[in-house]
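Student: Right, I'll just put the structure down here and ask away after.
Nothing in this text is a laboratory measurement; each read-out follows from the coordinates by a stated rule. Being a predicted model, the structure only gives us computed values, none of them experimental. Cβ sites come from the backbone with ideal geometry, for glycine too, and all protein chains shown count toward neighbours.
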Amino acid sequence: MLMALLLLGWGGGGLSGGGSGAANVSGTAPIQVSGGNVSCIPASNVVGGCLTASTQSIAGYKDFVNGGQADDLWQNTGSFPRNLGPESINVSLINYQGIQVGAPVTGTLDGTSVTLQGRRSNTDVAPDVIVQSTNFRDAGGPFAVLQGLPCRTTLFAIQPTGDVVWNPAPLPNCSDASDVLTRGVLTHGNTASGSVAIQSANRLYLHARGRLAANHTAMLVDGGHPAADGGITVQTDTDGGTYFAYAGSHGNFVSSTPEPQYGSWLFELRNTNGIGTDSKFIVDSFGGFTNSHGLTLGNFPPCPGTSFQTSLGQFSYGVSPGTLLYADDQEHWYVCKSSGWKQLAETP
């Protein structure tokens with residue numbers, strides 16, 4: 001609180017008046033007069049008064065208005081040490097309630113960062129940092145990370161449906177970089193070879209899908225074409241409408257290498273601790289596929305496999321007709337038919 005006092009006579013720290021006698025002056029709180037001296041009562045959480053250089057508790061609602069001037073600021077430049085876990089830092093404010101802002105929360109100076117640091121214990125199940133919307137969102141989303149000016153491109157976002165979306169960073173002129181196909185990559189930071197990068201929730205299978213067939217147009221965005229350009233072959237929707245069906249040269253799921261590979265494997269399926277070796281199906285660098293299970297013909301599963309009905313549906317045990325397996329002891333490929341395992345014919 002800033003206060004200005006207008007005194008008619010001031011000398012030696014006391015109050016005096018003109019003429020033949022001293023003036024009788026009284027003060028109204030927080031101003032007090034005692035023995036000819038005028039002073040201001042220090043502010044506290046029960047009495048209004050003046051600010052001092054010592055510790056004070058200031059009560060009541062205070063509205064710091066900038067007065068319409070763009071350069072008017074309210075700053076807290078003091079700091080005090082706080083121990084945040086094992087780290088000791090200086091802070092300038094303690095809040096036990098929320099902070100309401102209408103503009104970005106930014107670092108004090110250029111070259112500084114903004115750190116969000118929770119202080120939950122290691123056994124506390126609550127999160128350290130929470131981002132929440134006041135209202136249920138049907139659009140927009142609760143969280144986004146944007147590239148800096150002038151682009152403001154969304155690099156990472158959580159949509160209102162819960163979908164997580166990440167995008168490649170642009171060039172400073174906001175155009176795509178020449179390496180746009182390798183930007184915005186979801187990278188697993190575990191440097192241990194063979195570490196798990198993604199998995200489903202407990203007791204559920206992992207489902208990955210492409211969306212090539214989701215675009216019912218004559219030409220897809222990646223240049224893929226339908227089976228017959230010119231409208232010769234089309235698909236019919238349930239409402240009677242028609243569209244060009246996708247039949248391009250891409251799979252719905254694609255695996256690639258970052259550089260040419262002249263040996264080893266491009267793809268591998270494992271059944272950990274299953275019968276035989278863990279590796280079951282392999283595609284090598286030339287596109288050839290093989291079984292690496294190490295099974296002999298006598299250890300092949302039943303062909304055709306048996307099936308049984310449960311309250312959860314029909315389940316199959318073993319293999320079905322058309323299954324192709326390699327027998328290590330016979331050095332032959334066998335196919336499962338309705339009459340059992342049959343060796344594929346060899347070239348004479």
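Student: Explain nothing, just compute: Karplus ³J(HN,Hα) = 6.51 cos²θ - 1.76 cosθ + 1.60, θ = phi - 60°, for every residue of region 156-163 in order, whole Hz, x for Gly and Pro.
Tutor: Calculated HN-Hα couplings, in order: 8, 8, 10, 7, x, 7, x, 5 Hz.
Student: Can you put His293, His188, His332 in order, fewest other beta carbons within 10 Å first?
Tutor: So the residues, fewest neighbours to most, are His188, His332, His293.
Student: In sequence order, what are the phi-derived ³J(HN,Hα) couplings for region 81-91 according to the Karplus relation 6.51 cos²θ - 1.76 cosθ + 1.60 with θ = phi - 60°, rounded to whole Hz, with x for glycine and proline?
Tutor: x, 9, 9, 9, x, x, 9, 10, 9, 9, 10
Student: 7 Å from Cα along Cα→Cβ at both Thr52 and Glu331: what's the point-to-point distance in nm?
Tutor: The modelled label-to-label distance comes out at 10.0 nm.
Student: Which far-off residues, 5 or more places away or on another chain, put their amide H under 5 Å from the one on Leu266, with H placed in the peptide plane?
Tutor: Val283, Asp284, Ser285
Student: Using amide H atoms built 1.01 Å from N in the peptide plane, name the residues 5+ places from Cys50, or on other chains, whose amide H lies under 5 Å from its own.
Tutor: When sequence neighbours closer than 5 places are left aside, the close amide H contacts are Ile41, Ala43.
Student: Something else now. Calculate the spin-label point distance for Leu324 paired with Val145, positioning each point 7 Å from the Cα along the beta-carbon direction, and give it in nanometres.
Tutor: 4.4
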